[in-house]
Amino acid sequence: MNVLTKAENTAAELLSGNEAVARAVWEAGATVGAAYPGTPSTEILENLCRYPDIHTHWSVNEKTSLEVVIGASVAGARAFCTMKHVGVNVASDALMSQTLAGVGGGLVIAVADDVGFSSSQNEQDTRFWGRFAHIPILEPSDSQEAHDMIKAAFDLSEEFNTPVIVRMTTRICHVKGLVQTGERVVPDNKGFERNPSRWVMVPANAKNQQQVQFARDEKLAAYVETSPLNRTEEGSDKRLGFVTSGPAYMHVKESFPDMPVFKLGLSCPLPVESIRTFAKTVDTLVVVEETEPLVENELKAAGITVQGKNILPRCGELMPSVLRPAIAGLLGDDVAAEEPAPPMAVFPRPPTMCVGCPHLPVYYCLHRVTRTTNICGDIGCYTLGAGHPWNALDTTTCMGASMGMALGMDLGRAEADKDKGIVAVIGDSTFLHMGMQGLLEMTYNKGNITVLLLDNSATGMTGGQDHAGTGKDIHGAPAPQVDFVKLVEALGINPERIKTVSPYEMPTLFKYIREEIRQPEPSVIITNDPCVLIDDFSRQTPFKVIDEECTGCTNCLNVGCPAIHVTRRATEFRADGKEIAKAWVTIDTVACTGCNLCPQTCSPDAIVPVDPADLFKPAPAE
């Protein structure tokens, strides 16, 4: 692990928003940081762990990460956690109570919203949590502001005795910009203040703390009207004025550089009176916000006439190509919608798993039982099993939902489905995140489900981070490792119904799946080969296709491995007139990991290992 030793470079550095946040957390003197990886927020903790004098770790889930930093804050330290937008749902139980109790040391939560559904199952707007939890929301527009607002958030947290959310978005998280950095300054830690009436959230104490919260709301409402985090930017064209925040501010400035802007940096609570004053200086006020009309609705409720989602889309990024034609009608201009650039003429490549991925054989096997089995999926790389060529997932909702939904399908099945098997598919990190409770629910309520626990020794979807089941911590150092066999047995699974198998042993894997689906009790099949993208994976001798032996049967294509390429297609007819699609293939030996999956599907034995001597032959001259 590359560890930074000191803040030697205080000149401008080229940093992504995530990198800038990590740097600012360190500069602000935080001593504890925790997170569960989730795109687009993952790189924040990955960068923060490189700095000295701060404890960082991957948490089991977002709730535990927030509880850890709450504890550190109560102990007097500045503390930080980060998560993606859907992670706040998991952490909300702790959040909603701690906002009543307040903080000791500054407590900042960076939440990354996935505006545009780049890698998420929904597009929820984190700004709602500010209103819901009565806490401030800061919204940076670029990497420099992400850096500066994190430091400001720690100060706000301590000044107003409240957790503070800094709302990032995918655009801010991953786009780089020049950032002026500084030195680390650690404030004094005054230690834990023993005060059960504040920290013990029983109803009587919570009622008293609610009055403290309401008083804080009033102070924040007054503060936000003059906060330097909000500003008015003059413009020569007064026909329109914009109220905006985050990356939408950048898009507004690019699209309408001559028009006035009220830029929100501290958007919750909303500086209504300052915006009312600004509105009087322009002919028409337009709110440009991603994604929900929160600011728009609050201004309308305050009697301020605004334009907003009546002309702008409610989802996706509000880029200039979206803004210009939408705003044109207000100006009486005739601006046609900007046509997207024509797509490049490339062969279509749908999302797929990696070459040799240990999930490939799982879905090859599950595809063969889809007619007689309902399959509940979960969040992870293996969610791709819903796609071609496997089509082997029937549901996917949220982290851990495969377990509870499978139980619900068992309990609520129709008479016509009584003989169908039910399978829940879940990864190792997701199982530890939120699946354990679902398995306990299943065993306690006597569900008849077969669980496929896909242990690939990584949080694969977000980049292969370690977790409690890998035996390594965030720095790669040895750590206690969960034994999944003992864990699922402790959660109520009959030891006879627990199977472990290498997924690359497909005949055994398929045998276990068919056997366990027929059992009248819950069972767990644990696959146990590592993700092909982590250091624990070992490549083997790649395979090739003997052209003259290949019959075009397409069995190997059903594995779904991207290293297998079709070279020729044809249609043949059987004696009964039925059409048979044929496809002859080749294997990219450079990409092939030697996992031995495709040879197991090849009846003519046309797929064989490459002679190691051939791997080092020079390419033939053209």
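Percent of Cα pairs in segment 232-331 per distance bin of 10 Å, from zero to the largest separation: 16, 57, 26, 0. Using 0.36 nm per residue and subtracting the Cα-Cα separation, the extra length available between LYS446 and ASP611 on full extension is 54.2 nm. To the nearest ten degrees, helix 17-27 and the longest principal axis of the Cα atoms of the chain are 60 degrees apart.
Exposure proxy check: CYS173, CYS556 ranked by fewest other beta carbons within 10 Å?
Values: CYS173 28, CYS556 24.
With the sparsest Cβ surroundings first, the list reads CYS556, CYS173.
Taking Lys and Arg as +1 and Asp and Glu as -1, the other residues whose beta-carbon sits under 11 Å from that of LYS472 total -4. Reported value for segment 439-582: 180 Å³ per residue, from the convex hull of its C-alpha atoms. Dividing the C-alpha radius of gyration of the chain by 2.2 N^0.38 Å, with N its residue count, gives 1.10. Principal-axis analysis of the Cα atoms of the chain puts helix 401-411 at an angle of about 60° to the longest axis. Each label point was placed 7 Å from the Cα along the Cα-to-Cβ direction; for THR567 and SER538 their separation is 3.2 nm. Each other residue within a Cβ distance under 11 Å of LYS263 adds +1 if Lys or Arg and -1 if Asp or Glu, for a net charge of -1.
Comparing Cα centroids, segment 383-401 and segment 462-506 end up 21 angstrom apart. Cross-link pairs exceeding 30 Å between alpha carbons, from the set LYS190/LYS263; LYS151/LYS253; LYS420/LYS544; LYS263/LYS309; LYS84/LYS238; LYS253/LYS300: LYS190/LYS263; LYS420/LYS544; LYS84/LYS238.
If you wrap the Cα atoms of segment 182-224 in a convex hull and average its projected area over all directions, you get 5.1 nm².
Using a simple spin-label model with points 7 Å from Cα along the Cα→Cβ vector, what separation in nm is obtained for VAL186 and THR226? With each label point 7 Å from Cα toward Cβ, the separation is 3.5 nm. Taken over the Cα atoms of segment 343-462, the convex hull encloses 123 Å³ per residue. For TYR382, TYR249, TYR444, the sequence from fewest to most other C-beta atoms within 10 Å is TYR444, TYR249, TYR382.
In this rough spin-label picture, where each label sits 7 Å from Cα along the Cβ direction, the ALA479-GLU218 distance is 4.6 nm.
Angle check, please: helix 320-331 long axis (alpha carbons) against the longest principal axis of the chain (alpha carbons), in degrees 0 to 90, nearest 10. Orientation of helix 320-331: about 50 degrees from the principal axis. Distance between the C-alpha centres of segment 528-603 and segment 98-139: 46 Å, rounded to the whole angstrom. Extension gain for the segment ASP547 to LYS582, taken as residue separation times 0.36 nm less the Cα-Cα distance, is 11.2 nm to one decimal. Centre-to-centre separation between the Cα atoms of segment 214-232 and those of segment 253-300: 16 Å.
Sum up the charges of everything whose Cβ sits under 14 Å from the Cβ of LEU453, counting Lys and Arg as +1 and Asp and Glu as -1, but leave LEU453 out. Net local charge, LEU453 excluded: -4. Across segment 543-616, the convex hull enclosing all Cα atoms gives 93 Å³ per residue. Estimated purely from DSSP H runs of n ≥ 4, each contributing -39500 (n - 2.57), the mean residue ellipticity at 222 nm for the chain is -9000 deg cm²/dmol once divided by its residues. By the compact-protein rule of thumb, 2.2 N^0.38 Å, the alpha-carbon radius of gyration of segment 12-97 corresponds to a ratio of 1.03.
Each reported figure results from applying straightforward, stated rules to the coordinates on display, with no laboratory input. This one's a predicted model, so the numbers in the text were calculated from it and none came from an experiment. Glycine gets a Cβ as well: all are built from the backbone with ideal geometry, and neighbour counts include every protein chain shown.
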